[in-house]
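In what follows, a single structure is set out as structure tokens and then discussed.
Only the coordinates and a few stated rules stand behind these numbers; no lab work does. Since the structure is predicted, the reported quantities are computational estimates derived from the model, not experimental observations. Cβ sites come from the backbone with ideal geometry, for glycine too, and all protein chains shown count toward neighbours.
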Amino acid sequence: MKSRGEDLAIFGGPPAFSEALHVGRPNVFDRARFLDRVNKMLDRRWLTNDGPLVQEFEQRLADICAIDHCIAVCNATLGLELLIRACGLTGEVIVPSFTFVATVHALQTQSIVPHFCDIGRDTHSIDPRRIERSLTSRTSAILAVHLWGRIHDVEILADLAARHGLTLLFDAAHAFGCSYQGVSAGGFGRAEVFSFHATKFLNTFEGGAIATNDGDLAGRLRLMRNFGFRDFDSVVSLGTNAKMSEVSAAMGLTALESLDRVVACNRANHEQYAELLNNLPGVKLLAYDETESCNYQYVVVEIDERGVGLNRDELMRILWAENVLARRYFFPGCHRMEPYRALYPEAPDRLPVTEQVCSRVLQLPTGTAVGPDEVAVIGSILRLVVDEAPKVKRLLEKESRDSEVTSVP
Ligand SMILES: *Cc1c(COP(=O)(O)O)cnc(C)c1O
């Protein structure tokens, strides 16, 4: 382990890791079980179109979430689009800017105006106290996000939605396996959408599911997922192709069998980070509510430059040089991405908390590809950088001056 600031890889020392450590490296389990399912699928020659693996996967999801209906889809983005259409949303929808851009694109592609609402300082999720002032006569819904799998303020949101006659939907892309007061994600609002993208906690290569207790809505979603076909020749509604394939369901069913191990690994990593970063000035690790089920999928730290002596981006550069590929989701915020930046140039003034959080958060590597040895080294690098921040800052400034000089032709 490194003991001096000048040993950091960014200043020419050897990187702490020879291979890159990622946030969200796919969890891969029991290859034999997966291949067995795939072989049987090939024997059946039923590869997609609501096959037996998709049906079994949907049933398992519904059981785990204690929800009436789970509709598997090819990805969460299309799941959100279908849900928005099936609920008949129009006009404007209240949505956080601090989310993956797909949440907002799913509205915009259907000509619905995303009305960005600021987030809570500690929750990182939509701040219910700010919703009412964002409502207009055209508002039809609230689309909230269980960010980092932490579920907040669901009763207040439900109450607000009911009082104003709004539909309440959740982007639950991060929240599979998480609960709030014992109720599993999937059970809140009118419906919720999970993502099973390769980088997510539960992975089906690409995939997602819409969870709802509303049978009529579920029926409409099933039709819309398959072009509106009710049976062989009968198309009864507008639809698209959002089906999950059998091979994805095979992956999902296999992953579900090992999910406890993934949680245990994520949780151990999170606990170790918490210990190592405890009392480190300016570095705050986001906690999970231990009394609930959590998937511990993300290790999120907030970097306060005044405490650390370096800003988040400087810290990130240092980590990248060590082959620790920390990320800054969801920088710079959807309101600063196109087309929203051009459409809503005034949005940064309305979103002070989003702006601040976007400049501070960093996600550290975790998942089953990361273990105690790696976490220990990452923790030691962070501690070294904070301990020697003034010197590191001077070296960083010198390094960027030097690289400017060398880049002049
Ligand atoms: C990953 C993600 C999505 C998109 O999921 P896909 O399955 O990749 O389409 C949507 N919202 C959030 C918050 C996400 O993190």
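Per DSSP H run of at least 4 residues, take -39500 (n - 2.57); add these up for the chain, divide by its residues and hand me the 222 nm value, nearest 500 deg cm²/dmol.
So the calculated ellipticity at 222 nm is -12000 deg cm²/dmol.
Using alpha-carbon pairs under 8 Å, 6+ residues apart, how would you state the relative contact order of the chain in percent?
Over the chain, the number comes to 23 percent.
Using amide H atoms built 1.01 Å from N in the peptide plane, name the residues 5+ places from Gly371, or on other chains, whose amide H lies under 5 Å from its own.
none
Per 0.36 nm of contour for each residue apart, how much would the distance between Asp373 and Glu6 grow if the chain were fully extended, relative to their Cα-Cα spacing?
Working: separation 367, 0.36 × 367 = 132.12 nm, distance 2.24 nm.
Full extension from Asp373 to Glu6 adds 129.9 nm.
Based on the Cβ-Cβ distance of Glu275 and Asn49, what FRET efficiency does E = 1/(1 + (r/R0)^6) give at R0 = 41 Å, to the nearest 0.05?
Result of the calculation: an efficiency of 0.25.
Kindly list the residues of the range 37-60 that lie in the label zone of Phe232, defined by a backbone N under 12 Å from the point 7 Å along the Cα-to-C-beta vector.
Nothing falls inside the zone, counting backbone N under 12 Å.
If you take the square roots of the eigenvalues of the alpha-carbon gyration tensor of the range 31-257 and sort them as a ≥ b ≥ c, do you get rounded (a/c under 1.5), prolate (a/b over b/c) or oblate?
Cα axes put the range 31-257 in the prolate bin.
Could you work out how much longer the chain between Gln110 and Met337 gets when fully extended? Use 0.36 nm per residue separation minus the Cα distance between them, nm to one decimal.
Result: 79.9 nm gained on full extension.
Top mean-square fluctuation among Glu302, Glu132, Glu58, Gaussian network model of the chain, C-alpha springs under 10 Å?
For the chain, modelled as a Gaussian network with Cα springs under 10 Å, the answer is Glu132.
Roughly how many debye, to the nearest 20, is the charge dipole of the chain about its Cα centre, given +1 on each Lys and Arg Cβ, -1 on each Asp and Glu Cβ, and no other charges?
With Lys and Arg at +1 and Asp and Glu at -1, about 520 debye.
Suppose R0 equals 45 Å. What FRET efficiency, 1/(1 + (r/R0)^6) with r the Cβ-Cβ distance, do Asp159 and Ala264 give to the nearest 0.05?
Efficiency computed from Cβ-Cβ geometry: 0.80.
Order these peptides, 140-146, 175-181, by their mean beta-carbon neighbour count within 10 angstrom, highest first. Walk me through the numbers on the way to the answer.
On the way: 140-146: 25.1, 175-181: 22.4.
The densest-packed peptide leads the list: 140-146, 175-181.
Count the lysine pairs in the chain that are 8 or more places apart or on different chains: how many have C-alpha atoms under 30 angstrom apart?
Lysine pairs satisfying the spacing and distance rule in the chain number 11.
If one takes the longest principal axis of the Cα atoms in the chain, at what angle in degrees, from 0 to 90 and to the nearest 10, does the Cα axis of helix 312-321 lie?
80 degrees
Please report the projected area of the range 184-318's Cα convex hull averaged over all directions, in nm². Spell out each step's value before the answer.
Working: hull surface 47.6 nm².
The orientation-averaged projected area of the Cα hull of the range 184-318 comes to 11.9 nm².
Rank by packing, highest mean first: peptides 345-353, 201-209, with packing defined as the count of other Cβ atoms within 10 Å averaged across residues.
Descending packing order for the listed peptides: 201-209, 345-353.
What percent antiparallel are the DSSP beta bridges of the chain, to the nearest 5?
55 percent
Would you please give the residues with an amide H less than 5 Å from that of Thr48, counting only those at least 5 places away or on a separate chain, with H modeled from the backbone geometry?
Amide H neighbours of Thr48: Glu246.
Hey, quick one: spin label on Asp387, modelled 7 Å out along Cα-Cβ, who in the range 299-331 has an amide N within reach, i.e. under 18 Å?
Once the point is set 7 Å along Cα→Cβ of Asp387, 308-310, 319 turn out to lie under 18 Å by backbone N, inside the range 299-331.
Determine the dipole magnitude for the range 75-195: charges of +1 sit on the beta-carbon of Lys and Arg, -1 on that of Asp and Glu, nothing else is charged, the reference point is the Cα centre, and the result goes in debye to the nearest 20.
Values: 9 positive and 11 negative charges, 32 e Å.
The dipole of the range 75-195 has a size of about 160 debye.
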